[in-house]
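Participant: Pasting in a structure now, in structure tokens, and then I'll have a few things to ask.
The values are calculated or read from the model by the stated rules, or taken from the named source; none is laboratory data. A quick note: this is a predicted structure, and the numbers were derived from the prediction, not measured. No Cβ is skipped: glycine too gets one built from the backbone with ideal geometry, and neighbour counts run over all protein chains shown. For accessibility, only protein heavy atoms count, side chains too; no ligands or nucleic acids. Shrake-Rupley method; radii C 1.70, N 1.55, O 1.52, S 1.80 Å.
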Amino acid sequence: MSLSYSEAAGKLMVALDYSSAEQAKTLIRELEGIPCYMKVGMQLFYAAGADFVKELKASGYKVFLDLKLHDIPNTVKGGANSITRLGVDMFNVHAAGGKSMMAFAMEGVLEALDNHSAARPLLIGVTQLTSTDQETMNREIGIPGSVESAVLSYASLTKEAGLDGVVASPLEVPAIKAHCGKDFITVTPGIRPAGSSRGDQSRTLTPAEAVRSGTDYMVIGRPITGAAVPREAAEQIIGEMMEA
């Protein structure tokens, strides 16, 4: 069954990888009316802070806060509590932090909900970055075996910890869905429209291929933010998803 425009746009997470709120707002104005997620990562959050996230929410956008929390369990719990009170729709932790750390993160989320009126955000675990190839994972990070086996191991751990899903390459989505269930959410960076450069990504698919793989959300930055006309680039990507 093909996707409607709103369904396809709802799968798109535009990565606001900018060093200032002003730069991000320029892009947001160009994309006005497209019902996509906005992803706020380290670069923008450390520059613009929580107030920028609140502005996005006040403007009606869903927000994925991509800070990849990774610390001792109690520290991550506190961070998750603060992020939940900020009102984001999704955020992530590093699955490499372990089951206890991820479970503490969810505790932080639930405690925030007990004390505030915020809606529960989706909490997901980062498996392996899409810039990581097998040689890097084996030789530099020190994890043996294939990338897919490592991703599935982290995905299983994330599900056991009670989280909602994972960040992973679109190449691993079918295996994750088969292993963890179709309702286990997958968020996939490493999406490159047909004919665009892979950049520093090692494990990529096109938007249409990602839709066919079964992914729930796809994070796309430079193909939109670096385009001569970002709105046209975003609309083309949504069109590719609809055609899939």
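Participant: Restricting to segment 21-72, name every residue that is among the aliphatic types (A, V, I, L, M) and assigned to a helix (DSSP H, G or I).
Facilitator: ALA21, ALA24, LEU27, ILE28, MET42, LEU44, ALA47, ALA48, ALA50, VAL53, LEU56, ALA58, listed by residue number.
Participant: In addition: Quick check on my filter: what residues within segment 2-61 are farther than 25 Å from SER82 by Cα, at pLDDT 95 or above and more than 20 Å from the chain's Cα centre (by Cα)?
Facilitator: Across segment 2-61, the qualifying residues are SER4, TYR5, GLN23, THR26, ARG29, GLU30, GLU32, GLY33.
Participant: Look at segment 30-57 and say how many of its residues are basic (Lys, Arg) and crowded, with 18+ Cβ neighbours inside 10 Å.
Facilitator: Residues flagged as basic (Lys, Arg) and crowded, with 18+ Cβ neighbours inside 10 Å within segment 30-57 amount to 1.
Participant: In addition: Residue under question is GLY87, and the condition is that it be over 18 Å from MET42 (Cα atoms), small (Gly, Ala, Ser) and in contact with a helix residue (DSSP H, G or I) (Cβ under 6 Å, 6 or more places away or on another chain); does it hold? Break it down stepwise before answering.
Facilitator: Working: over 18 Å from MET42 (Cα atoms): no; small (Gly, Ala, Ser): yes; in contact with a helix residue (DSSP H, G or I) (Cβ under 6 Å, 6 or more places away or on another chain): yes.
The answer is no for GLY87.
Participant: Return yes or no: is LYS77 at pLDDT 95 or above, of a type in the set (Lys, Arg) and within 18 Å of the chain's Cα centre (by Cα)?
Facilitator: Numbers: at pLDDT 95 or above: yes; of a type in the set (Lys, Arg): yes; within 18 Å of the chain's Cα centre (by Cα): no.
No: the conditions fail for LYS77.
Participant: Given (1) of a type outside the set (A, V, I, L, M, F, W, C); (2) in contact with a strand residue (DSSP E or B) (Cβ under 9 Å, 6 or more places away or on another chain); (3) touching a residue at least 24 places away in the same chain (Cβ under 8 Å); (4) not in a strand (DSSP E or B), where does THR75 come up short, assuming only one miss?
Facilitator: (3)
Participant: Turning to a different aspect of this structure: Among the residues of segment 11-29, is there at least one that is touching a residue at least 60 places away in the same chain (Cβ under 8 Å), open to solvent by 70 Å² or more (accessible area, probe 1.4 Å) and more than 26 Å from GLN128 (Cα to Cα)?
Facilitator: Quick first cut of segment 11-29, residues touching a residue at least 60 places away in the same chain (Cβ under 8 Å) only: 11-18, 27.
Still in the list and also open to solvent by 70 Å² or more (accessible area, probe 1.4 Å): 17.
Filter once more, so that each one left must be more than 26 Å from GLN128 (Cα to Cα): none.
No, that holds for no residue.
Participant: Residues of segment 79-108 being part of a helix (DSSP H, G or I) and acidic (Asp, Glu), which ones? Don't jump to the end; show me each part of the working.
Facilitator: Step one: list which residues in segment 79-108 are part of a helix (DSSP H, G or I), which gives 79-86, 95-97, 99-108.
Result: GLU107, single match.
Participant: Look at segment 58-76 and say how many of its residues are closer than 14 Å to PRO121 by Cα and open to solvent by 40 Å² or more (accessible area, probe 1.4 Å).
Facilitator: Final tally of qualifying residues: 1.
Participant: Same structure, new question: I'm trying to understand the selection: among the residues of segment 230-244, which are small (Gly, Ala, Ser) and either surrounded by fewer than 19 Cβ atoms within 10 Å (Cβ to Cβ) or within 10 Å of VAL211 (Cα to Cα) (or both)? Talk me through it step by step, then tell me what you get.
Facilitator: The initial filter retains those residues of segment 230-244 that are small (Gly, Ala, Ser), namely 233-234, 239, 244.
Selection gives GLY239, ALA244.
Participant: Failed condition for PRO230, given (1) under 23 Å from PRO35 (Cβ atoms); (2) at pLDDT 95 or above; (3) touching a strand residue (DSSP E or B) at 6+ places or on another chain (Cβ under 8 Å), with all others met?
Facilitator: (3)
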